[in-house]
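Working notes for the structure below.
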Amino acid sequence: GGTVSTYVERLMAAVEAKNPGELEFHQAVREVATSIELLLEREPVYREAKILERMIEPERVLMFRVPWVDDHGEIHVNRGFRVEMSSAIGPYKGGLRFHPTVDLGLLKFLAFEQVLKNALTTLPMGGGKGGADFDPKGKSDAEVMRFCQSFMTELQRHIGPNTDVPAGDIGVGGREIGYLFGQYKRIKNEFTGVLTGKGLEWGGSLIRPEATGYGAVYFAHEMLLTREDSLEAKTCLVSGSGNVAQYTVEKLMDMGAKVVTLSDSEGFVLDPAGIDNEKLTWIMELKNERRGRISEYAERFPGVTFTPYDPTADANPLWSVPADCAFPSATQNEINAKDAANLLAGGVYVVSEGANMPTSPEGVEQFVQAGILYGPGKAANAGGVAVSGLEMAQDSLRMAWPREEVDARLKEIMKSIHKQCRQTAEEFGTPGNYVNGANIAGFVKVADAMLDQGLV
Ligand code: NDP
C-alpha cells in the first residue's frame, strides 16, 4: 500500500542503507525514481515485478588489482573495475574512466545512467561502465601503455564482442583504446570489435571521436527548433577541454554560434572574440598531442583571460559569464545550485549536457522550474554511445561506412531521442520536461524487455 511517493522514499532508504557512501549513485537513482513515479502509478506491473529494484542492482561487478611499473622501476597498484549493470536489451556497453576519483559508487552511477541512455539510442545495447583510479596526467606514453596492458590482462576474461564492449570516457581516448585493444588481441588471438573508439585503420568508425560533442549540439538544435529558434549567432559557454568539449566547439562554430569559454580542473579561459577554426586546431594540438593545460590558451591568444579556480569558492565563475547556451562537458556535479542561478541570471535558456550528470539536483530543479530548454546528459550526450553502436555494427559487417552516412545516422538518432523525450514528457503531463521524458522512455524500454525475459 501507500502512495508512490512513499514507495520512492522507501526505495531510497534501502538504496542508501545498502550502498553506503555512494553519493553519486544515490543521486542518479533518486532522480530516475522520482521521474518514474508518474509511470508506476499508471502501470503497476513495473512496481509489482520490482523492475526498478532489479535495475539498480548490477548484474555483476568486477573489481581487480592492476599492478604496473613506472619508468623509474617503481611499482604501483591501482584498482580496476567493470560494472556490468544490465544486459536486458544488448551486450553491456559503456566507457572506461581513468581518473583518481574513480570508485565503485561513481561507476555504478555512470553504469545506471548508461542503461537508460543506451535504451534511448534505438540501438540494441545494454549498460555498463568501468575504469580505474589511475591518473594518466603526467605519465609517459610507455607508462600509460604498461598500465593499459595490465588492466586488460584481467579485463579480457570478462568482455567480448557479444558480451561487454567498453569504450573511452574521461582519461581514456584514442591512445588508451589502442593499447587496450592491442593487449586484448594478443591474449585472445582474435581480431574483434571488443572495444569502440578504435583507430580508423583497425575497425574504428568515422565520426566516433566527434559523436558526443556533435550529438549534444544536434540535441540543442532540436530543442531550439521547438521554439522556432536556432543556434545561429548564439553565445555559448562550454566547460572542459577534452574530447566532448572540443567537438562541441567544432559543431557550434559550424552552426554559426560563438563559443567564449573552455576549462579544465585548474580554471577556465574566457575568449570574448570567440573561438575560431585556427584557435580550435591549436587547442586540439595542445590537449591531444602535447597534453598541455587550457591556461596556455590565454598565453597564446590576445584578449583571452584565464581565471584559476578557487577551491573554497561556492560557485564556478565560468557559469556567471552572460550567454544564451551552456554545454557542460567536463564532469559530474560541475553546476551546483548557485551556478544554475548564475546561468539563469546571465541569460542562458539552453543547457545541453555533454557530460554525465553535470548538474546537481538543486540545479536541475531550477532549470525545470524556469522552463528553459534543458537536455539532461542521458539524452543529450547519447550520440557518443550511439556511434559506438554503429561502430559495432560496422565491425560485425566487416565494413566501414562513409563519414556522411555515419553523421546522417547520428543526426537521425539525436532527433529520435529528442522526440521520444518530448512525446513521453507530454504523455505524462509534464510537457517540455526532458528529464522526465528521458527517464521514463529509457526505463520503459528496458523494463519491457525485463518483463519479457522473466525473473533473471
Ligand atoms: P576527457 O578526459 O577527454 O576530458 C575531460 C575534461 O574535463 C578535461 O578538460 C578535464 O580537465 C575536465 N575534468 C575532468 N574531471 C574534472 C574534474 N573533476 N573537475 C574539473 N574538470 C574536470 O573526457 P571526455 O571529454 O571524454 O568526457 C567529459 C564528460 O563527458 C564526462 O562526464 C564523460 O562521462 C562524458 N561523456 C563522454 C563521452 C565520450 O564519448 N567520451 C560520451 C558521453 C559522455 P583536466 O584535464 O584538468 O582533468
Problem - Spatial separation of Cα centroids for region 253-316 and region 10-61, in angstrom - result: 39 Å
Completion exercise
Quick shape summary for the chain, equivalent ellipsoid via Cα gyration tensor, semi-axes whole Å in descending order, reads 30, 29, 21
Fill in the blank from the handout: Treating only Lys and Arg (+1) and Asp and Glu (-1) as charged, each at its beta carbon, one finds that the chain has a dipole about its Cα centre, in Debye to the nearest 20, of 1000 debye
Problem - Per-residue [θ]222 nm for the chain (sum of -39500 (n - 2.57) over DSSP H runs n ≥ 4, rounded to 500) - result: -15000 deg cm²/dmol
Exercise for the section: Just the number, please: percent antiparallel of the DSSP beta bridges in the chain, rounded to the nearest 5. Expected result: 60 percent
Handout entry: Among 305, 220, 68 the positive-end extreme of the charge dipole of the chain (Cβ point charges)
Key = 68
Fill in the blank from the handout: Between residue 167 and residues 5 or more places away or on another chain, the pairs with built amide H atoms under 5 Å apart involve 94, 95, 96, 196
Handout entry: Under 5 Å, built H, 5+ apart or other chain: amide partners of residue 348
Key = 323
Practice task
Specify the inter-centroid distance of region 134-165 and region 422-456, based on alpha-carbon positions, in whole Å.
Solution key: 34 Å
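Ranked highest first by the average count of other Cβ atoms within 10 Å around their residues, in what order do 322-332, 30-40 fall?
Taking the mean over residues of other Cβ atoms within 10 Å, the ranking is 322-332, 30-40.
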Exercise for the section: For region 299-357, just run the numbers: alpha carbon Rg, then divide by 2.2 N^0.38 Å, N being how many residues it has. Expected result: 1.18
Fill in the blank from the handout: Exposure proxy check on 305, 248: fewest-to-most Cβ neighbours within 10 Å is 305, 248
Practice task
Pop out the ³J(HN,Hα) list for region 194-200 in order, Karplus 6.51 cos²θ - 1.76 cosθ + 1.60 with θ = phi - 60°, rounded to Hz; leave Gly and Pro as x.
Solution key: 7, 9, 10, x, 6, x, 4
Exercise for the section: Please sort 416-423, 236-243, 66-73 by packing, taking for each peptide the average over its residues of neighbouring beta carbons within 10 angstrom, highest first. Expected result: 236-243, 416-423, 66-73
Practice task
State whether region 215-340 is rounded, prolate or oblate according to the following rule on the C-alpha gyration tensor (a ≥ b ≥ c being the square roots of its eigenvalues): a/c under 1.5 gives rounded; otherwise a/b larger than b/c gives prolate, and the remaining case gives oblate.
Solution key: oblate
Handout entry: Cα lying deepest toward the dipole's positive end in region 228-291, options 274, 230, 241, charges on Cβ
Key = 241
Completion exercise
Listed by chain and number, the residues whose amide H is under 5 Å from that of residue 241, excluding neighbours fewer than 5 places away on the same chain and using placed H, are 263
Problem - lysines whose Cα lies under 27 Å from that of residue 419, excluding same-chain neighbours fewer than 8 positions away - result: 93, 117, 129, 234, 251, 258, 378, 411, 445
Practice task
Please report 264, 164, 314 as a ranked list, fewest other C-beta atoms within 10 angstrom at the top and most at the bottom.
Solution key: 314, 264, 164
Practice task
Report the relative contact order of region 324-408, percent, no decimals, based on alpha-carbon pairs under 8 angstrom and at least 6 residues apart.
Solution key: 27 percent
Handout entry: Selection of trypsin sites (Lys or Arg not before Pro), region 215-287, meeting DSSP coil and at most 13 other Cβ within 10 Å
Key = 227
Handout entry: Sorted by Cβ neighbour density within 10 Å, fewest at the top, the residues 335, 75, 159
Key = 75, 159, 335
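Values quoted throughout were computed directly from the atomic coordinates according to the rules given, and no laboratory measurement underlies them. This structure is a prediction, so every number in the text was calculated from the model and none was measured. Note that we place each Cβ from the backbone using ideal geometry, even for glycine, and neighbour counts take in every protein chain shown.
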